[in-house]
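The values are calculated or read from the model by the stated rules, or taken from the named source; none is laboratory data. If you're wondering where the values come from, they're calculated on a predicted model, not measured in any experiment. Here the Cβ positions follow ideal geometry from the backbone for every residue, glycine too, while neighbour counts run over all protein chains shown. All accessible areas refer to the heavy atoms of the entire protein, side chains included, with ligands and DNA or RNA removed. Shrake-Rupley method; radii C 1.70, N 1.55, O 1.52, S 1.80 Å.
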Amino acid sequence: MISAICKLDSKLNAEVENILFEIAPSNWSIAKNRKTKISTLSGNFNNIVEATDASLLLQSYIGKKIDFIFKELSEGSWKNASRHHFKVWRYKNFVFVPFWEKEGLRLKDGEQAIFIDPAMAFGTGTHETTRLCLQFLIDYFSNNNNPVGSLIDIGCGSGILAITAKLLGFSKVHGIDNDSDAIENSLLNAKNNGLESKIVFQKEDLNSLILYTYGCVVANIQSDILLEYSDKIINSVDKTSGILILSGILNYETEDVTKHFQKLLNERKLKFSLNKDEKGEWATILINFNK
């Protein structure tokens, strides 16, 4: 196992973070030292050829040359790389816990733990887009006694949104991703939470999205994909009482995405309300067909 590592210029930090989200899931991650404020970009690969090719490709996205150091890693060190930046965090009565910190975890009365091992998949709740989706789900459905019956998580990553939805009370939960590693990781995390037989995860892309309507659709992907597949995404929502959550949207893209979906919904003469929230440089849109 080979690791490609470089110190990241503070001026590039936000730009590279946005690129990593756009190409997620990937082998790359950013860790910031809280004391020195220095950020480190690193990626773990099977061999030096993969590491070199991936580094050159990432530099082409960034548009600048970056000097990487390549180091050979032991199996234990690369498996534990994500542990440096994924810590326990809470939102209302939900506690999102790295699986390796399960032992010794102390919960307050009424708290619900969700155990996540991110491996190489995207989704720990630490990124703004995932956290906004989680907050929308928890805020909306924990305040309703009867969550709508079915939910699909498009671009499920680690499975964190689908697992949370199941614990909120959805009777049918389906997660899809076009990345095999993400599906494998989602299945592992479902098992970590005792939900392996209660959530369906499948490798699938939006071109082959099963024609079925869901009470809630969450699409935490990226703006260009949201726009390209907007018809398919809208078709998958129950338009009489459903909820659509769109995320992976940079702030400056929010207006374009909002206007695009509003236009399509108005053309279909559908009744809906729309809410938006932002965190950092990212935005999430909730479309409510109950209104």
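Some notes on this structure:
- Checklist (1) under 15 Å from the mean Cα position of the chain (by Cα); (2) closer than 18 Å to HIS127 by Cα; (3) surrounded by fewer than 19 Cβ atoms within 10 Å (Cβ to Cβ); (4) among the β-branched types (Val, Ile, Thr) applied to THR254, failing item: (1)
- If you go through segment 176-201 and keep only what is open to solvent by less than 70 Å² (accessible area, probe 1.4 Å), in contact with an Asp or Glu (Cβ under 9 Å, 6 or more places away or on another chain) and of a type in the set (S, T, N, Q), you end up with ASN185, SER186, ASN189, ASN192.
- Of the residues contained in segment 170-181, one or more are found to be under 15 Å from the mean Cα position of the chain (by Cα) and of a type in the set (A, V, I, L, M, F, W, C).
- Scanning segment 238-248 for residues that are open to solvent by less than 10 Å² (accessible area, probe 1.4 Å) and either farther than 12 Å from LEU286 by Cβ or out of contact with any Leu (no Cβ under 9 Å at 6 or more places or on another chain) (or both) returns GLY242, GLY248.
- Of everything in segment 264-291 that is under 14 Å from ILE233 (Cβ atoms) and part of a helix (DSSP H, G or I), the residue that is least open to solvent (accessible area, probe 1.4 Å) is LEU265.
Conditions tested, residue by residue: (1) aliphatic (A, V, I, L, M); (2) in contact with a strand residue (DSSP E or B) (Cβ under 6 Å, 6 or more places away or on another chain); (3) closer than 30 Å to LEU274 by Cα.
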| residue | (1), (2), (3) |
| --- | --- |
| SER171 | no, no, yes |
| HIS174 | no, yes, yes |
| LEU187 | yes, yes, no |
| ASN193 | no, yes, no |
| GLU196 | no, no, no |
| LEU209 | yes, no, yes |
| VAL217 | yes, yes, yes |
| ASP224 | no, no, yes |
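- Test: residue in segment 211-222 that is out of contact with any Ser or Thr (no Cβ under 6 Å at 6 or more places or on another chain), surrounded by fewer than 22 Cβ atoms within 10 Å (Cβ to Cβ) and not in a loop (DSSP other than H, G, I, E, B): no
- Within segment 118-165, if we keep just the residues that are in contact with a Pro (Cβ under 7 Å, 6 or more places away or on another chain) and under 26 Å from LYS203 (Cβ atoms), the residue that is modelled with the lowest pLDDT turns out to be ALA121.
- Note on segment 53-108: residues that are open to solvent by 70 Å² or more (accessible area, probe 1.4 Å), at pLDDT 85 or above and under 22 Å from the mean Cα position of the chain (by Cα) total 3.
- Any chance LYS232 is open to solvent by 40 Å² or more (accessible area, probe 1.4 Å), in a loop (DSSP other than H, G, I, E, B) and touching a Leu at 6+ places or on another chain (Cβ under 6 Å): no
- Residue within segment 142-159 that is touching a Gly at 6+ places or on another chain (Cβ under 6 Å) and open to solvent by 40 Å² or more (accessible area, probe 1.4 Å) present: no
- Residue within segment 15-28 that is modelled with pLDDT of 80 or more, acidic (Asp, Glu) and either under 19 Å from SER60 (Cβ atoms) or open to solvent by 50 Å² or more (accessible area, probe 1.4 Å) (or both) present: yes
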